[in-house]
1. Can you tell me which residue among A:286, A:274, A:279, A:260 is under 30 Å from residue B:99 (Cα atoms) and in the same structural domain as residue A:438 (by TED's automatic domain parsing)?
2. Is there a residue being among the small types (Gly, Ala, Ser), within 16 Å of ligand 2 (Cβ to nearest atom), within 11 Å of another protein chain (Cβ to nearest Cβ) and closer than 26 Å to residue A:413 by Cβ anywhere in segment B:11-34?
3. Go through (1) more than 7 Å from chain A (Cβ to nearest Cβ); (2) away from ligand 1 (no atom under 14 Å from the Cβ); (3) part of a loop (DSSP other than H, G, I, E, B); (4) open to solvent by 10 Å² or more (accessible area, probe 1.4 Å) for residue B:95 and report which single condition fails.
4. I'm told residue B:97 meets every condition in (1) within 26 Å of residue A:417 (Cβ to Cβ); (2) at pLDDT below 95 except one. Can you identify the failing condition by its number?
5. Does segment B:50-79 hold any residues that are within 14 Å of another protein chain (Cβ to nearest Cβ) and either modelled with pLDDT under 95 or over 16 Å from residue B:20 (Cα atoms) (or both), and which are they?
6. Residues to consider are A:222, A:272, A:207; find the one that is open to solvent by 70 Å² or more (accessible area, probe 1.4 Å), within 14 Å of chain B (Cβ to nearest Cβ), modelled with pLDDT of 95 or more and under 28 Å from residue A:78 (Cβ atoms).
7. Return yes when residue A:736 is in a strand (DSSP E or B), open to solvent by less than 40 Å² (accessible area, probe 1.4 Å) and either within 14 Å of chain B (Cβ to nearest Cβ) or modelled with pLDDT of 95 or more (or both) and no when it is not.
8. Would you point out which residue out of B:109, B:42 is part of a helix (DSSP H, G or I) and closer than 28 Å to residue A:362 by Cα?
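The values are calculated or read from the model by the stated rules, or taken from the named source; none is laboratory data. What you see is a predicted model, and the numbers here were worked out from it, not measured in a lab. Every residue, glycine among them, receives a Cβ derived from its backbone with ideal geometry; neighbour counts consider all protein chains shown. SASA here: full protein model, heavy atoms, side chains in, ligands and nucleic acids out. Shrake-Rupley method; radii C 1.70, N 1.55, O 1.52, S 1.80 Å.
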Amino acid sequence: MTRADRTHDDAPPRDAAARRDATAFAPSRRAFLRGLAAGGGFVLAFGLGDRVLAHALSADASDTPFEPNAFLRIASDGTITLFAKHDEMGQGIHTGLAIEVAEELEAAVADIDVRPAPADRAFDHSLYGVQATGGSTSTWTSFDQMRTVGATARVMLVAAAAARWGLAPGDCVARDGRVERRDGTAALTYGELATDAARLPVPEDVPLKAPERFRKIGRPTPRVDSPAKVRGTALFSYDQRRPGMLTAMVERAPTFGGSVARVDDTAALAIPGVRRVVVVPSGVAVVADGFWAARRGRAALRVEWADGPGAQLDSARLRREYTRRAGFPGNVVRADGDFDAAAADADRVLEATYEVPYMAHAPMEPLSCMVELHEDGGAHLVTGSQFLGIDHPAAAAALGVDPSRVTVENSYLGGGFGRRANPAADFTVEAIHVARAVRDLGVPVKTVWTREDDLRGGWYRPLWVNGITAAVKDGRLVGWRHRIVGQSIATGTAFEGAMVIDGVDGTSVEGAADMPHGIPNVRVELHTMKLAVPVQWWRSVGHSNTAFAKEAFLDECAEACGKDGYAFRRELLAGHERLLAVLDRAAEAAGWGGPLPVGVGHGISVHESFEGFAAHVVEASVVDGRPKVHRVVCAIDCGQVVNPDQVVSQMQGAAIFALSAAVDAQITFTDGRVDQSNFDDFPILRMHEAPPVEVHIVDTGGKQGGIGEVGVPGVAPALCAALHGATGRRIRRLPIGDQLG
Amino acid sequence: MSTTFTVDGRTVTVTSPPDTPLLWVLRDELGLTGTKFGCGRALCGACTLHVDGEAVRACVHPVGYAAGKDVRTIATLEESAEGRAVVDAWIATEVVQCGWCQPGQCMSAASLLARKPTPDDEDIDAAMSGNLCRCGTYTRIRAAIHEAARALDGEADG
Ligand code: FES
Ligand code: FES
């Protein structure tokens, strides 16, 4: 036992609950802390509920880094390290977390070295109770916790300085990485105070700044990861290397649920650099010296497959079946008033079917996971994951060991969009199986995916078909029935219990079941389909479907009522201040109602998702039968902003991401096989197709909410409304593709 | 069989078969991971680097073709005036999101500026449409290229 362990164990828990938590999570945290404390360390860990659990003091009294909690470490050379509980996949959260800490710590954001946190319960999501990044929750759920992290450390550093000077803490002030005497006669850097601070008791209930006193939160702050990413020195999962490492590539069944019947690996093994060919549960793995040998080896494999349940998949048939179902009543999710009576009494009943396809996340960096097996049956994993809290126990289960034997190191994520938060830990568990199959080689094995693997590997946003019916009377919308047909994402996962209630997966109906519009008779129904296609959350999840159907159909209703899309929404949303605020801002900024060039139409949408509020105006025309987007204007209200430039960046990126899904990209099946393979047949927007995206941040003083996903749902319906304005034609199925040709 | 060439000014001799794409020689044999992989079929531009000053897609460029040539990656992009201007503008404009595509974007942008010091939007469309960004940073890439061009122009004047 190291001294770090002993001190950690000896530290008196604050209360019985803390003792339970500390016991439950001690093994992996100890391993983590030991790593941190090499050369001396001091850690206090925040457990569930941000409670201070324990001190872990270590070693060298002379040079003890100050680690006031599992998140923060201040070394005596002044280095400040922040272990980021949320994964950096482009959304700027490493910078956001650093800003939150720095605001209270009174240090410069640029002086904080932000690193991805390893798998450890200390880094559990504050809301989900599992280590995860998703749901557009990172900023707001960490806001108080990270500020507390900074404030706690600051109070201890000030106390250390006060003791050194024989002053009261009130006679000292923390500023820019130093503690100064208020009389201005002396100052000590945080590094100089680290060892002393490490010995102090951890204060509780440290007060936080009132927002009026924020000096960093809410102001544009440069991203901490930009320089390394631009210069190519930032480490992503795919870049991770270890001495002797081999690269594995898995040939997976061409149909979902298929299995290996027979393998002829003669030609594959003859490829120079190919070391092994092994059968694993997901297919046949070629283990080689590097990517290229693995790829050539895999191409030389001859595998006969036994068809699985996915062998019958055919998109045309699925769409017909889904559409047929939309004509029948489903599981009732919401029933306000009496829709049938309203429809019977209406002047006019409108009906339409809206549809979105299966969609791949296609993060720019394909998936990978490296596994280094230990002799004791455990392992060290190096990955790029949004979901260490799922991957870690799943890896341990696949190895048949206690999670304390498994450590997981994370990297920068070259995009995630939900794919790296796999509820079955698919790419992690597969990498474990591959490594175990070649355990005797005694080297780390990195299993890598190609783009083809990524697009054909499943875990898509579900195909969804919506049957919507509206009742119009006296020029007003009096009835609305929305039937949703699609697979459930949560069913069959660890989240089923929490997310599927009375047979209704909340993600299938989000954005529809909770639509706030002032319509007296609303009915929402769900048909849950069971298919062999693995489905998963894709940036904005159910909202990517429901907002499209709802907003696009509202446009049809506006037209039927003889109203402008903006005015129509304003009436329906009376009293919903945050939605109205963003709607008004987007309309105003876009010059809604002003003249448009000939052939150009505009469309507008407004939608709440992930506790964020967004409105979009899109201007578009049709050129050579293809949609051309001229301009996107959006407004977002996400409450107190931490880094405004990154809110803008996320909204810009979300618009482009959403346009890619609206214009051309989709996943389809023929004879059980995925039709797409790479960026030629899964086209995403390119520079010459990307419109300027103008972003306006609105703050109505409401609760903090999401950002990253919030910018996606409203884009497609606003685009389709714009194309209707330009051509008079309604697009009701995504992607638009050649429907305007 | 071996191939000799220079990478970022350093002479290397590699043993990968000559038909191995340069990308995997750099990343796997030489351990230089600044050049990224996104598609393997010259569709995304993540692997863009310079061979004798020309932007090429390393994922489809056999290492044999690089024999005796000067290969430049993102690691030494800043040694050229355009490269420095691009990297500075990229950071100042906060282009980056996930970052995986960005070294390739910068290599393409520097190559554009070397050919055309003050590109207009159409030049940018033409030169950059082979570089995908799934995070959708195009608006800022465009702004950063204009910014880099202005900085280079200022240097030339100064
Ligand atoms: S990896 Fe070379 S162009 Fe995509
Ligand atoms: S920044 Fe993520 S792909 Fe371009």
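1. Going through A:286, A:274, A:279, A:260 in turn, just one is under 30 Å from residue B:99 (Cα atoms) and in the same structural domain as residue A:438 (by TED's automatic domain parsing): A:286.
2. There is at least one residue in segment B:11-34 that is among the small types (Gly, Ala, Ser), within 16 Å of ligand 2 (Cβ to nearest atom), within 11 Å of another protein chain (Cβ to nearest Cβ) and closer than 26 Å to residue A:413 by Cβ.
3. Evaluating residue B:95 over (1) more than 7 Å from chain A (Cβ to nearest Cβ); (2) away from ligand 1 (no atom under 14 Å from the Cβ); (3) part of a loop (DSSP other than H, G, I, E, B); (4) open to solvent by 10 Å² or more (accessible area, probe 1.4 Å) leaves (4) as the failure.
4. Every listed condition holds for residue B:97 apart from (2).
5. The answer is B:50, B:72, B:73, B:74, B:75, B:76, B:77, B:78, B:79.
6. After ruling out the rest, the residue left standing is A:222.
7. no
8. Exactly one residue qualifies, and that residue is B:109.
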